[in-house]
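Okay, so here's the structure we're looking at.
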Amino acid sequence: MTILTQKGIVGLSLVTALLLGENAYAGKIMTDANVSDIVVTENKQFGFGGWNFDNIDVRIVSTDDFSGRIGDFNTTDGTYTPMGLETSFESDISNGEGVVVGHLHGKDWPVGEPAGIKIINGDTSVKHGKPFNCIMTSSYVDGAYLDNQLPEPVLCSGDFQSHKRFKVNLLPTTVTEVDAEGYGKSVDLVFNLDATDTNVTNVRYQVLQKANNYTGARLDGFKVEVLDANGSKNAALTLSLGEGEGDEGANIWTDNELANFSHGLWGPEDLPRFENGFFDKVRAYYPAVLSDDNQTISYQGDMLGGNYQEIFGNWLPSDWAPMGIFNDDDFDPLTDGKLKAYFGLAPGADVNTAPDWHKGQDYNLTDGDQSWEVPSANEIAQWTGEWYAEEHIEDVLNLGLNYIINVGENAKVGSTFTLRITPHVAADQTPPVYVDTQSLESYPFSSGVVTVSPAPVFTAGEVLTLGVSDNDLNENNETNETVTVQVVSSEGEVEDVTLTETDVDTSKFEATLTTELSSGAGIDNDGMMSVMEGTAVTVTYTDVRHGAEGLEENLSVMTTAEVDTDGDGISDATDPDDDNDGVLDDDDAFPEDEGESVDTDGDGIGNNEDTDDDNDGVLDDDDAFPLDDTESVDTDDDGTGDNADTDDDNDGILDVDDSTPTGGSSGGGCTYNPNSKHFDMTFLLMMGLGLFYPFRRKFLK
Amino acid sequence: MNNIHIQYGAAIIAAPLFVLFYISLFQDQSVNLEVLLSDKKALFFLLIFYPVIEELAFRGVIQEYLATKTKQYSPLFYFSLANIFTSVLFVLMHFVHHSPLWALLVFVPSLIFGYFKDQYDRIFPSIMLHMFYNLCSLFLIVQ
């Protein structure tokens, strides 16, 4: 085999693959991989072309955040954004409705590369009747990873633990609904057949995959199907469990190898392994069954073989993965660590027993049967040191599948075919007893957690409860120790809060922090956090030994303040009437004061309290127009204020001509008619009398 | 200073006091002084013509006539019955163009005008006092 890279030919290795024995391809899946002349191109996937990306979105991600996107994969030519250490990829698998139902993973760079599946045709190094062709993960051989000058891709015949299997994480969207038989929604992988292949001979492909339970539900089985380009079952497209296809007509796989869990956890001591499984030397497996039409492989029911179901129940989801203590005994972070202990119950223990750390099954029995023994304090202390880490035992989620796809004549199958994987949901969804570690009297883990409640939102004025759980802090199991966390608001206020251990040996610390509704940032470290609508309060705990590598890490948790003025359960942010006074906030001058809603003069005092609503200097009690600052008197009570009224006293004489515009009398005790410039009868009478006076005085008196 | 001076002085001092009293009662009523002062005819009527005519009519004709009919009766609080009756008629006449309260309040100034008529049997003092009272009210009106 010649290995050629862009950096030049470096030499020959084994016999070239000349397609011996399978020199005719029908139903050949496309690939640019040439096992007889391997060429690895930088930043381009080897073995590209066979996986159809119509329902796939490939993201280059940081190993710290698999939900993000830091680079892209070109689904047309297989090139991708240059990657480096602490980068990986995730391929989102969508269904026909655009819902992401699965995540496909391979290995992080430099061990693996996107998109996660490669097609290998003609690897004649495969033994025991297994196909020379396979659908496998896009990874590289130990010692010849992508950071090497001569990267070497893993082939179908790759060695044990050479990273051959791609992993499909079945997501919660696959179990939102189940059919009458208990099957959830499917995850489809589509493959492109080589259009230039016109042969009619069947082509066999081994699928090297795992189905991982990230559904959030306990499963008890699965189904694998193959469908043609029309989405239909097709006689030219079948499945096989390798029955009678192995050496000398034997089966390629035994019953307990068709669908089983990690051999390192449940499996016998055999080459190349040298140890029995941590939990059991018997395989934990599902006895997969091939349908009569050879187009469906399935199983549903109890797990058989090893003590998986006895310890954990049926197929665990990621949410319930048990914690384990791992030892990197080969001091190589890129290889799997060795499991030393797990947290839970021993096999056969009463469900009311408190979960604890347990060693695995003892096969030596040299010092008696120490199976499931609780580690000593010294051992636990040792296992918190360097090269030890507490992590979830992910392998309990991963079901390894072994089967073969027989792809027939292209003309009958079509340009593509679909590999469909469907989970079966267990009826019993009882979680393991160790799941709620918060209910444990003592927090047993070195990796700390920080909590705040209420979260993700709280009502301004509410008391927050802060919590830290970290076994490292419990240095003295006879005293209540303390730890300090920093609480910071988005307004910039800082509160350093000291948490106290809930009891002498719980490793759980708590404290409370009062919040108050305020218009701005409060005073630092005054024992109270000032918040307003939307203020984010972040609690940070510095865990000096956290995670797999035991490094210092700042752990943070956040909760956001809401204001609910009227306490109706609807936060002011969404409440159309915050004070529930019947006046919508948009129309309410005092949206948070149920006693006020109008402020006519805009002086900040609501009309209900304001004694002069229009601020015209006339008190409301004396003001004929309390809401009109241009009027205060209506002499003739006609509804028009005197300032606007042209005849205030409504006497018919306009104010401009009226010496007494508001009525009444002019000065002097005169009979003078102020409203008339004409002589009236009264005047004529008086004038007559007056003129009579001198006559009377002269002639009558 | 003799009795005449005292009587006139008291009557004159009383005028603004009466007006102030009126204002306190009628403070919500206003007079458009600008209009009034610009109306020469109105001023003439208010300050000259009406005082003259009213005094001639009431103190001159009516009170003198009533005095002849009531001279046998004693004065009431220094005010003759003729004066009192004349003042009543004076008030009634004011009801025509003024509010009842305003009309009633002219009773006291009327008694004063009538007192001077009785004392000096001349109409001139009454007329002058009436003019003066009207003038005071004009300048003490709060607009």
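The values are calculated or read from the model by the stated rules, or taken from the named source; none is laboratory data. Everything numeric here is computed off the predicted structure, so don't read it as measured data. No Cβ is skipped: glycine too gets one built from the backbone with ideal geometry, and neighbour counts run over all protein chains shown. When the accessible area is computed, the model is the full protein with side chains, heavy atoms only, and any ligands, DNA or RNA have been set aside. Shrake-Rupley method; radii C 1.70, N 1.55, O 1.52, S 1.80 Å.
Taking residues in region A:32-56 that are in contact (Cβ under 8 Å) with a residue 12 or more places away in the chain, and partners anywhere that are open to solvent by 50 Å² or more (accessible area, probe 1.4 Å) and of a type in the set (G, A, S), the pairs with Cβ atoms closer than 8 Å and at least 6 places apart or on different chains are A:N55/A:G96. Could you say whether any residue in region A:282-295 is under 30 Å from A:F445 (Cα atoms), of a type outside the set (G, A, S) and surrounded by fewer than 18 Cβ atoms within 10 Å (Cβ to Cβ)? Within region A:282-295, one or more residues are under 30 Å from A:F445 (Cα atoms), of a type outside the set (G, A, S) and surrounded by fewer than 18 Cβ atoms within 10 Å (Cβ to Cβ). The condition (being surrounded by fewer than 19 Cβ atoms within 10 Å (Cβ to Cβ) and either closer than 30 Å to A:F417 by Cα or not aliphatic (A, V, I, L, M) (or both)) is satisfied by just one residue among A:E390, A:E394: A:E394.
Taking the criterion of being of a type outside the set (A, V, I, L, M), under 14 Å from A:T535 (Cα atoms) and buried (at least 17 other Cβ atoms within 10 Å of the Cβ), the residues of region A:472-495 that qualify are A:S489, A:E491, A:E493. Starting from residues that are exposed (fewer than 13 other Cβ atoms within 10 Å of the Cβ) and at the interface with chain B (Cβ under 8 Å from one of its Cβ atoms), keep the ones in region A:635-679 and report whichever is modelled with the lowest pLDDT. This residue is A:K677. Among the criteria (1) in contact with a strand residue (DSSP E or B) (Cβ under 6 Å, 6 or more places away or on another chain); (2) of a type in the set (V, I, T); (3) touching a residue at least 60 places away in the same chain (Cβ under 8 Å), the one A:T506 does not fulfil is (1).
Per-residue answers, yes or no, for (1) buried (at least 18 other Cβ atoms within 10 Å of the Cβ); (2) in contact (Cβ under 8 Å) with a residue 24 or more places away in the chain:
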| position | (1), (2) |
| --- | --- |
| A:Y299 | yes, yes |
| A:G313 | yes, yes |
| A:L316 | yes, yes |
| A:G324 | yes, yes |
| A:N327 | no, yes |
| A:D332 | no, no |
| A:D356 | yes, yes |
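Of the residues A:D622, A:D578, A:D593, A:D566, which single one is surrounded by 19 or more Cβ atoms within 10 Å (Cβ to Cβ) and at pLDDT below 95? When all the criteria are applied, what remains is A:D578. The residues of region A:226-241 that are more than 38 Å from the chain's Cα centre (by Cα) and loosely packed, with under 13 Cβ neighbours inside 10 Å amount to a single one, A:A235.
Note on region A:242-264: residues that are assigned to a loop (DSSP other than H, G, I, E, B), surrounded by 22 or more Cβ atoms within 10 Å (Cβ to Cβ) and among the aliphatic types (A, V, I, L, M) amount to 2.
Among the criteria (1) at pLDDT 95 or above; (2) in a loop (DSSP other than H, G, I, E, B); (3) among the hydrophobic types (A, V, I, L, M, F, W, C), the one A:L239 does not fulfil is (2). Here the condition is being modelled with pLDDT under 90, more than 25 Å from B:H5 (Cβ to Cβ) and at the interface with chain A (Cβ under 7 Å from one of its Cβ atoms); of B:V61, B:V106, B:V142, it holds for B:V106 alone. For region A:466-498, how many residues meet the condition of being modelled with pLDDT under 95, part of a strand (DSSP E or B) and hydroxyl-bearing (S, T, Y)? Total meeting the criteria: 1. Looking at A:V539, is it in contact with a Leu (Cβ under 6 Å, 6 or more places away or on another chain), among the β-branched types (V, I, T) and open to solvent by less than 40 Å² (accessible area, probe 1.4 Å)? Judged against the criteria, A:V539 is a match. In region A:467-492, the residues that are on the phi > 0 side of the Ramachandran plot form Cβ pairs under 9 Å with partners that are modelled with pLDDT of 90 or more, at six or more places apart or across chains, as follows: A:G492/A:D524.
Close contacts from region A:213-229, counting a first residue that is closer than 8 Å to A:S298 by Cβ and a second that is of a type outside the set (S, T, Y) and in a loop (DSSP other than H, G, I, E, B), with Cβ to Cβ under 7 Å and a gap of 6+ residues or different chains, come to A:G221/A:G301.
Being more than 28 Å from A:L193 (Cα to Cα), touching a residue at least 40 places away in the same chain (Cβ under 8 Å), open to solvent by 30 Å² or more (accessible area, probe 1.4 Å) and touching an Asp or Glu at 6+ places or on another chain (Cβ under 6 Å), is that true of even one residue in region A:59-80? Yes, region A:59-80 has at least one match. Close Cβ contacts (under 9 Å, 6 or more residues apart or on different chains) running from residues in region B:1-27 that are within 13 Å of chain A (Cβ to nearest Cβ) and part of a helix (DSSP H, G or I) to residues that are loosely packed, with under 13 Cβ neighbours inside 10 Å and at pLDDT 80 or above comprise B:L25/B:L101. Checked against (1) assigned to a loop (DSSP other than H, G, I, E, B); (2) under 29 Å from A:S125 (Cβ atoms), A:S67 passes all but a single condition, namely (2). Quickly run through region B:64-97 and pick out the residues that are within 13 Å of another protein chain (Cβ to nearest Cβ) and farther than 17 Å from B:Q119 by Cα. Answer for region B:64-97, where residues must be within 13 Å of another protein chain (Cβ to nearest Cβ) and farther than 17 Å from B:Q119 by Cα: B:L89, B:F90, B:V91, B:L92, B:M93, B:H94, B:F95, B:V96, B:H97. Being touching a residue at least 60 places away in the same chain (Cβ under 8 Å) and part of a strand (DSSP E or B) is a condition met by no residue of region A:430-448.
All of A:G408, A:G414, A:G360 fail the test of being surrounded by 17 or more Cβ atoms within 10 Å (Cβ to Cβ), under 27 Å from A:G550 (Cα atoms), over 29 Å from the mean Cα position of the chain (by Cα) and touching a residue at least 60 places away in the same chain (Cβ under 8 Å), apart from A:G360.
Residue check: A:V154 meets all listed conditions (1) among the aliphatic types (A, V, I, L, M); (2) crowded, with 24+ Cβ neighbours inside 10 Å; (3) closer than 20 Å to A:I421 by Cβ but one, namely (3). In the set (1) in contact with a Cys (Cβ under 9 Å, 6 or more places away or on another chain); (2) surrounded by fewer than 22 Cβ atoms within 10 Å (Cβ to Cβ), A:N133 fails one condition alone, (2). Just so you know, in region A:366-383 the residues that are assigned to a helix (DSSP H, G or I) and among the aliphatic types (A, V, I, L, M) include one that is surrounded by the most Cβ atoms within 10 Å (Cβ to Cβ), and it is A:I380.
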